[in-house]
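The values are calculated or read from the model by the stated rules, or taken from the named source; none is laboratory data. Note that the structure is a prediction, hence the values are computed from the model and not measured. When we count neighbours, we look across all protein chains shown, and the Cβ atoms used for this are built from the backbone with ideal geometry, even at glycine.
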Amino acid sequence: MVLKKLFHWGFLCLFLVPFTCYDSNISNRSHLIYWSSNNPDEIEFAQWVVNKWNSRYPEKQVRFQPVPEGRSSEEVILAAVVGKTTPDVYSNMWPGDVEFYVRANTLMPLDQFTDFDSVAASRFSQDKIEEAKSRDGHTYQILWKTNPIMMAYNPKLFREAGFPNPPKTYAEFLQAAEKLTKDSDNDGYTDRWVGITQILVAWWQRFFDYYTLYIAASGGNTLLDGTKVNFYNQHSIEVFRFLQTLFTKGYFPKERMDARTDVFMHSVVATRFVGPWTITQWERQKPNGFEYDFAPVPRPTANGQTYTYGDYKSIIMFNNTKHPEKAWEFVKFLISKESDRKLLELADQLPIRKGILEDGLFKPYFEKKPKMITFAHQSQYVRGADSSPVLREIFDAISQEFEACVIYGTKSPEEAVASAARRAELIME
């Protein structure tokens, strides 16, 4: 699977941008190359980091650029691997792809550096240290930042419907849905829904409905347990049934809403499953009288702590770097407390760092952005994606069964989950 995919991209590399596929000076360069996301806020942060570093260490210069344009950053990175033009350091790696690159032998094991254990222990709780490990026992990534998925809700709409608090369980959510979803003009058309999820079969869309709810329902489980399928269980069935009910009863719209204005901000829907990136947008654009807040996503029962999908991004080093020690020193600066504070200030992105709410260095930021405190609390209870070279294919299988069961109701939740699990097992063989 890995070799086939690399061969495919070796061919496509000929048609991609020259910078990505060819760099005749790569073996001779004395500087480091750092690629970041091409999100404008993260570009500003990355430029700050590089400028700060270069002013302090003129003998260890770093050159920065956002990941080159392409259909997706993942495709550009894969093409760069094939073309042997990868950067030394990259800070926008989805952890679900790490195992693919490990198997392709393109990543630098970070635990080879003598101070890795102390750096990791100072930043992460033990569960995050374990979560970052690859199947071969080595660590090839720094879990850098997280966007916990939570339920945004409109307190005003809930109060008007007789619910002073956001729903915690499926039963409470469905009860509120019956009151909140309505045709306000009695014209036969629904004018407001309790919530929304995009009815796309795209594999990544399941992070914002099924997968988030599955992590919450299961108390923090992910799809796989090593090389075994771990989602063929009652938790998955309950999630599918809950979502199917929302569509069957008309509480979620069966139409593509992404072409409209922000339907949550304009009170067309009462809840959304989103990350903290929405705060800046809503604060800038919210209409007069609009209220919003965040709460954990609903679960079958309200016992214990709610886990959710963490939407991680990781930092990696490619193993064709000519200056591994220098690159590791830059990575440590990239994840320093000073840099983490700047990441918050410039990009409103949460660093994965234990004790962040208790650390006085970050206190001014959270006093200025109090809604981020909710996400910082939730960030202690998040799960990422399994590290598997076939994870996208597994999510594709789940997404197709999701469409059949949840959207169109042509399969029962039991049938859909069983079929998705069987397909996942075949994919992993």
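Residues are listed down the side, and each one gets a yes or a no for (1) in a helix (DSSP H, G or I); (2) aliphatic (A, V, I, L, M); (3) at pLDDT below 95:
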| site | (1), (2), (3) |
| --- | --- |
| 356 | no, yes, no |
| 399 | yes, no, no |
| 405 | yes, no, no |
| 424 | yes, yes, no |
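Among the residues of region 164-176, is any crowded, with 18+ Cβ neighbours inside 10 Å, in contact (Cβ under 8 Å) with a residue 12 or more places away in the chain, among the hydrophobic types (A, V, I, L, M, F, W, C) and not in a helix (DSSP H, G or I)?
no
Quick one: is residue 127 assigned by TED's automatic domain parsing to the domain that holds residue 324, within 19 Å of the chain's Cα centre (by Cα), surrounded by fewer than 16 Cβ atoms within 10 Å (Cβ to Cβ) and in a helix (DSSP H, G or I)?
yes
Quick check on my filter: what residues within region 36-50 are in contact (Cβ under 8 Å) with a residue 40 or more places away in the chain and closer than 16 Å to residue 335 by Cβ?
Within region 36-50, 36, 37, 42, 45, 46, 48, 49 qualify.
Out of all the residues in region 372-420, which are aliphatic (A, V, I, L, M) and within 30 Å of residue 346 (Cβ to Cβ)?
Of everything in region 372-420, those that are aliphatic (A, V, I, L, M) and within 30 Å of residue 346 (Cβ to Cβ) turn out to be 372, 373, 376, 382, 385.
Just give me the residues in region 336-388 being out of contact with any helix residue (DSSP H, G or I) (no Cβ under 8 Å at 6 or more places or on another chain), buried (at least 20 other Cβ atoms within 10 Å of the Cβ) and small (Gly, Ala, Ser), in sequence order.
379
What tally of residues in region 262-284 results from selecting those that are more than 14 Å from residue 192 (Cα to Cα) and touching a helix residue (DSSP H, G or I) at 6+ places or on another chain (Cβ under 7 Å)? It would help to see each step written out before you state the result.
Initially, region 262-284 is screened for residues more than 14 Å from residue 192 (Cα to Cα), giving 273-284.
Those left that are additionally touching a helix residue (DSSP H, G or I) at 6+ places or on another chain (Cβ under 7 Å): 273, 276, 279.
Going through region 262-284 one residue at a time, the tally reaches 3.
Anything in region 236-261 that is without any contact (Cβ under 8 Å) to a residue 24 or more places away in the chain and more than 13 Å from residue 198 (Cα to Cα)? List them, or say none. Outline the logic, then answer.
So the first thing to find is which residues in region 236-261 are without any contact (Cβ under 8 Å) to a residue 24 or more places away in the chain, and the list is 259-261.
Correct list: 261 only.
Taking interchain pairs and intrachain pairs at least six residues apart, which have beta carbon atoms under 6 angstrom, with the first residue in region 392-413 and farther than 12 Å from residue 210 by Cβ and the second not hydroxyl-bearing (Ser, Thr, Tyr) and not in a helix (DSSP H, G or I)?
Partner pairs satisfying both residue conditions: 404/411.
Tell me, yes or no, whether region 145-156 has at least one residue that is assigned to a helix (DSSP H, G or I) and either in contact with a strand residue (DSSP E or B) (Cβ under 9 Å, 6 or more places away or on another chain) or at pLDDT below 95 (or both).
yes
Restricting to region 303-331, count the residues that are farther than 20 Å from residue 86 by Cβ and either outside the structural domain of residue 277 (by TED's automatic domain parsing) or touching a residue at least 40 places away in the same chain (Cβ under 8 Å) (or both).
Residues flagged as farther than 20 Å from residue 86 by Cβ and either outside the structural domain of residue 277 (by TED's automatic domain parsing) or touching a residue at least 40 places away in the same chain (Cβ under 8 Å) (or both) within region 303-331 amount to 9.
Determine which single condition residue 47 fails, assuming it passes every other condition in (1) under 23 Å from residue 349 (Cβ atoms); (2) part of a helix (DSSP H, G or I); (3) in contact with a Leu (Cβ under 9 Å, 6 or more places away or on another chain).
If we test residue 47 against (1) under 23 Å from residue 349 (Cβ atoms); (2) part of a helix (DSSP H, G or I); (3) in contact with a Leu (Cβ under 9 Å, 6 or more places away or on another chain), just (3) comes out false.
Across region 385-397, which residue is farthest from the chain's Cα centre (by Cα) among those that are within 27 Å of residue 296 (Cβ to Cβ) and at pLDDT 95 or above?
Across region 385-397, the extreme among qualifying residues is 394.
Count, please, the residues in region 81-124 that happen to be over 14 Å from residue 335 (Cα atoms) and either part of a strand (DSSP E or B) or among the small types (Gly, Ala, Ser) (or both).
So the answer is 5.
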